[in-house]
Amino acid sequence: EYMGEFSGLFAMSAQGKGIERLLAAEKDAQKLVDNARKDRGAKMKLAHKAAEEEVAKYKAQKEAEFQEYKAKVLSGTGEYDKDLAVKTEAEIRQMQADLEKQSQSVVRLLVDAVKATTA
């Protein structure tokens, strides 16, 4: 009978050790999961920071390109106006020259027409 109790205690002791090992394994697994979550959180923060830096760099580049374009267009306005004025003046002179040539031809035609009707 003593052996029966001893074997029962031994069995409970073995079960207790098995449960302790199971609890220890569960605790270790929880530590692994917690560490993985921390690592993931840290990596997400780093990725977010890197993305923000990339966006800021891209925005600064595009802003610089825009400012350069704006300066080029606005500074070129005076030159464009001057160039346009020169071209317009040249076209006006050409039209006046054409008018002089055409008006002399028209006057000759009118004089010839008047002479032809009076003759």
Completion exercise
Here the averaged projected area of the stretch 13-58, based on the convex hull of its alpha-carbon atoms and given in nm², is 2.5
Practice task
Could you state the accessible area per residue of the stretch 25-119 in Å², with a 1.4 Å probe and every protein chain left in place?
Solution key: 95
Completion exercise
With x for Gly and Pro, the residue-by-residue ³J(HN,Hα) of the stretch 49-55, computed from phi through the Karplus equation 6.51 cos²θ - 1.76 cosθ + 1.60 at θ = phi - 60° and given in whole Hz, is 5, 5, 5, 4, 5, 5, 5
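So if R0 is 41 Å, what FRET efficiency would Lys31 and Val55 give, r being the distance between their Cβ atoms, rounded to the nearest 0.05? Please report the intermediate quantities before stating the final value.
Working: r = 36 Å, r/R0 = 0.88.
According to the calculation, E is roughly 0.70.
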Completion exercise
Karplus ³J(HN,Hα) for the stretch 27-44 (6.51 cos²θ - 1.76 cosθ + 1.60, θ = phi - 60°; Hz, whole; x = Gly/Pro) runs 5, 4, 4, 5, 4, 4, 5, 4, 5, 4, 5, 4, 4, 4, x, 5, 5, 5
Handout entry: Computed label-point distance, nm, for sites Gln102 and Val86 using a 7 Å Cα→Cβ extension
Key = 2.7
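Give, in nm to one decimal, the length gained when the segment between Gln94 and Met44 is fully stretched (0.36 nm per residue of separation minus the Cα-Cα distance).
Values: separation 50, 0.36 × 50 = 18.00 nm, distance 7.14 nm.
Taking Gln94 through Met44 to full extension adds about 10.9 nm, to one decimal.
The values are calculated or read from the model by the stated rules, or taken from the named source; none is laboratory data. Because the structure is a prediction, the values reported are computed rather than measured. Cβ: placed from backbone, ideal geometry, glycine included. Neighbour counts: every protein chain shown. Remember, those area values only see protein heavy atoms, side chains included, never the ligands or the DNA or RNA. Shrake-Rupley method; radii C 1.70, N 1.55, O 1.52, S 1.80 Å.
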